[in-house]
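Here is the structure we will look at, set down as structure tokens.
The values are calculated or read from the model by the stated rules, or taken from the named source; none is laboratory data. None of these values were measured; they are calculated from a predicted model. Cβ atoms come from the backbone with ideal geometry, glycine included; neighbour counts cover every protein chain shown. The area values use the complete protein model at the heavy-atom level, side chains included, leaving out ligands, DNA and RNA. Shrake-Rupley method; radii C 1.70, N 1.55, O 1.52, S 1.80 Å.
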Amino acid sequence: MSTELTESQELKSTEINKYDFKTETTAVFKARKGIDAEIVNQISDIKNEPDWMRKFRLEALEIFESKPMPKWGGDIDLDFQDIFYYLKPTTDQGKSWDDVPEEIKDTFEKLGIPEAERKYLAGVKAQFESEVIYGSLKKDLSDQGVIFTDTDTAVREHPELLREYFGKVIPSADNKFAALNSAVWSGGSFIYVPPGVSIEFPLQAYFRINEENMGQFERTLIIVDEGAQVHYVEGCTAPMYTSESLHSAVVEVVVKKNARCRYTTIQNWANNIYNLVTKRAFAYQDGTMEWVDGNLGSKLTMKYPAVYMMEPGARGEILSIAFSSKGQHQDAGAKLVHCAPDTTGTIISKSISKNGGRSSYRGLAKVEKGAVNSKCSVVCDALILDDASRSDTYPYIEINEQDVSMGHEASVSRIGEEQLFYLMSRGLSEAEASTMIVNGFIEPLVKELPMEYAVEMNRLIQLQMEGSVG
Amino acid sequence: MSDVLKIVDLHVSIGDKEILRGVNLSMTEGETHALMGPNGSGKSTLGLAIMGHPNYNCTQGEILLNGENILELEPNERARAGIFMAFQRPVAIPGVKMADFLRHATTNVRNPERKEGEDLIPMREFRKEIKANMEQLQMDSEFARRYVNDGFSGGEMKRAEILQLAMLQPKFAILDETDSGLDADAVRLASQSINEIGHNKMGLLIITHHDKLLEHNPPNFTHVILGGRIVETGGKELAEELHAHGYDRIRKQYPEAAKVNDESEAEAEAVV
Ligand SMILES: Nc1ncnc2c1ncn2[C@@H]1O[C@H](COP(=O)(O)OP(=O)(O)OP(=O)(O)O)[C@@H](O)[C@H]1O
Ligand SMILES: [Mg+2]
């Protein structure tokens, strides 16, 4: 019906602390604090890994130790020896929620995961601290050869497939945090979609950090074979503590000829999490990779999802939203690398800073020699809600070819006094009006999300907006 | 008892420039008042000050709604108290859908005590109402899904303001050139709609440079503002005189005010 109107989502005040709760659990195994070869070996022992993986970890550890901290981005004030690198919360992964220990199951119930699974997901992985504690995949998909498992299981059950791609998109030496993840990784998703299989509903993973001073280092690898399609969604939360925790993931995606992958992140970390994540996709001939990245919360996020367009006709699209509030720095952005002719890349980035928050857009658009006729467009808009907040743009453009089209637009605006007045003159409170303006600002991105996630995104924004008022 | 909006000796400044220099005006529910005056005389300023625009400082005087001073109220509180202004230049709010915005607005104005996050009026009820109003204003149903004033044509913008007037049903409405930028048919439609929505019902303060709107909504009073002051008040024949002959007589009769008006116009031009 053409007259249909959209239902707006209102948040009840009781939901404000929805994510900030701690679960009392008894770990099956918790490694001591700190990182060294002994810890790395211990993780490998517990996982009963093949030699090659142990070697991979130990080599990565050396790289991690030899690399200096990045000099750009945000301030990282972390004592690597004061973090727990591995915590196994339960003995086995559940195939049904009834197999999951009660407290942990409650955690995910509160986060709404089982409900979402019943309603609209094709498969779910739930990770608590270091391990995936629950996994499911619709039977028709497994019958078609789709693999959706945690990465540890994949090391055991799909060794050839995994080894062919693992660490190939993001080598351990890529950056200090990729090396760290490579040394101590645990959990994460492994997805393989066979040629021509198109998965209609999203596959979702949910990452929860529960303990203080915990490090979560999931490792995700997605392979979308020729002509296949998948939409993967990840959500992340943690309760609020006084000292910092670290989330440092590595996500590698391979999009083959004519394939399509959309990777959506909606993270809402507590304000004491360092979120230092490396995400990169290789897209091959006429393949399409889309990153939709919603960054809320955390103390510092440094994340720049990348698409390397490796063969002609490949497309990369990155949509990112960052929201930073008091005590938060979102250093987020995107990277497009055109390695072949006729490739198309788009970056749309929107950031919102309020209450002393800081958002930086850091992006790279690069056209390699030979990538003729490629098109690249970058648009980044920042909205600043008050004088205490800050927004910066660091666009890097590198073009090594003549015949290309490159567009770059950036805008910074303050929340409009006239807009606020207009809405308030119609009876909206100041808080309601600013929330509406902010939601309007990100609407072009949110409308790209499936309904349920769009609702979630708007809720999270509303939470952030309310945080300042109350 | 009828509602009364009373403006007493109102002085308004923008920055350190005084725009209104002692305005007095009293309106009772059901009455229609025309507010006329040359460009830059302070008509919009008066409306915006009544609505509570943060940049318009009321340095002296009072605005009383049923005897209570509303100067300290936020614009949203004034709206909830029953005051409305259709703006001369409504601002665009990209990404915010008309329907979503109007549902919040309607809910708040109807339940003045509503707190943020409390229930909105039921979707069904709202949808029915907005649909009926949009049909009356000959607006496409798609319109509700567009972003507030974003890329609206001049006519669409004014029509959207009238739609809000119809939904919010205020006690007092200031209509600031709601007839400008419209073609002849649209002016007739707007004038008729305003008549149906508010004439002889709400207190209307109509700011206009044309005659059609007042023909359909004959004013009980006409006020002429010049140089930030109401210099003359009459009946509907005063509006007719000004439409027919312009402001020459007024300027001659009130040279002091005319001077102030010209000076501030010149200043405004210098700034541009
Ligand atoms: N935001 C502002 N900043 C500075 N001066 C302003 C501002 N708004 C209005 N003014 C000045 O105040 C005076 C009155 O303006 P106002 O908009 O009230 O006139 P008006 O009677 O509505 O005119 P018009 O018929 O052209 O709409 C003008 O000199 C104008 O330049
Ligand atoms: Mg005006």
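The table for this structure:
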{"item": "Chains A and B, summed buried accessible surface - 1.4 Å probe, Å², nearest 100", "result": "3600"}
{"item": "Accessible-area value, A:K30, 1.4 Å probe, nucleic acids and ligands omitted, Å²", "result": "80"}
{"item": "Between segment A:152-227 and segment B:197-272, the alpha-carbon center distance in angstrom", "result": "72"}
{"item": "Set of lysines near A:K375 by C-alpha distance (under 18 Å), chain-local residues within fewer than 8 positions excluded", "result": "A:K335, A:K366"}
{"item": "Label zone at B:D211, where the point sits 7 Å out along the Cα-to-Cβ direction: segment B:245-266 residues whose backbone N lies under 17 Å", "result": "B:245-249"}
{"item": "Label-to-label distance, nm, for residues given as A:A37 and B:E77 (7 Å Cα→Cβ offset)", "result": "7.1"}
{"item": "Antiparallel %, DSSP beta bridges [both residues in segment B:4-271], to 5", "result": "60"}
{"item": "Accessible carbon and sulfur surface of segment B:4-271 relative to its total accessible area, %, 1.4 Å", "result": "47"}
{"item": "Relative packing of peptides A:46-54, A:421-429, A:162-170 - highest average C-beta neighbours within 10 Å first", "result": "A:421-429, A:162-170, A:46-54"}
{"item": "For the protein assembly as shown, alpha-carbon Rg over 2.2 N^0.38 Å", "result": "1.14"}
{"item": "Antiparallel %, DSSP beta bridges [both residues in chain A], to 5", "result": "10"}
{"item": "Net length gained if the chain between A:D392 and A:D75 were fully extended (0.36 nm per residue, minus Cα distance)", "result": "112.6 nm"}
{"item": "Value of Rg to Rh for chain B (Rh from inverse mean 1/r over Cα pairs, i.e. Kirkwood)", "result": "0.96"}
{"item": "Violating pairs (Cα-Cα greater than 27 angstrom) within the set A:K119/A:K447; B:K6/B:K236; B:K17/B:K201; A:K30/A:K354; A:K30/A:K110; A:K55/A:K105", "result": "B:K17/B:K201; A:K30/A:K354; A:K55/A:K105"}
{"item": "Residues of segment A:384-430 buried by at least 20 Å² on assembly (accessible area, 1.4 Å probe, chain alone as reference)", "result": "A:E417, A:E418, A:Q419, A:F421, A:Y422, A:L423, A:M424, A:S425, A:R426, A:G427, A:L428, A:S429"}
{"item": "Helical mean residue ellipticity (222 nm; -39500 (n - 2.57) per DSSP H run of 4+; nearest 500) of chain A", "result": "-7500 deg cm²/dmol"}
{"item": "Percent accessible area from carbon and sulfur atoms, chain A, protein chains only, probe 1.4 Å", "result": "47"}
{"item": "Shielding by other protein chains, B:74-81, mean Cβ within 10 Å", "result": "6"}
{"item": "Cα centroid of segment A:48-80 to Cα centroid of segment A:337-375, whole Å", "result": "27"}
{"item": "Solvent-accessible heavy-atom area per residue, rounded to whole Å², over chain B at 1.4 Å", "result": "43"}
{"item": "1.4 Å probe, heavy atoms, protein only - residues of segment B:113-139 losing at least 50 Å² accessible area vs chain alone", "result": "B:E116, B:G117, B:M123, B:R127"}
{"item": "Computed [θ] at 222 nm, deg cm²/dmol, chain B (DSSP H ≥ 4; -39,500 (n - 2.57); rounded to nearest 500)", "result": "-12000 deg cm²/dmol"}
{"item": "Model label zone, A:N373; criterion: amide N under 20 Å from point 7 Å along Cα-to-beta-carbon; scope segment A:278-312", "result": "A:283-289, A:309-312"}
{"item": "Of the GluC sites (Glu not before Pro) in segment B:75-182, those whose Cβ has at most 11 other Cβ within 10 Å and which sit in DSSP loop", "result": "B:E113"}
{"item": "Where chain A is the region considered: accessible area per residue in Å², 1.4 Å probe", "result": "37"}
{"item": "Taking segment B:163-207 and dividing mean pair separation by its residue count, relative contact order in percent (alpha carbons under 8 Å, at least six apart)", "result": "60"}
{"item": "Using a Förster distance of 51 Å, the FRET efficiency for A:K110-B:S153 (Cβ separation, nearest 0.05)", "result": "0.55"}
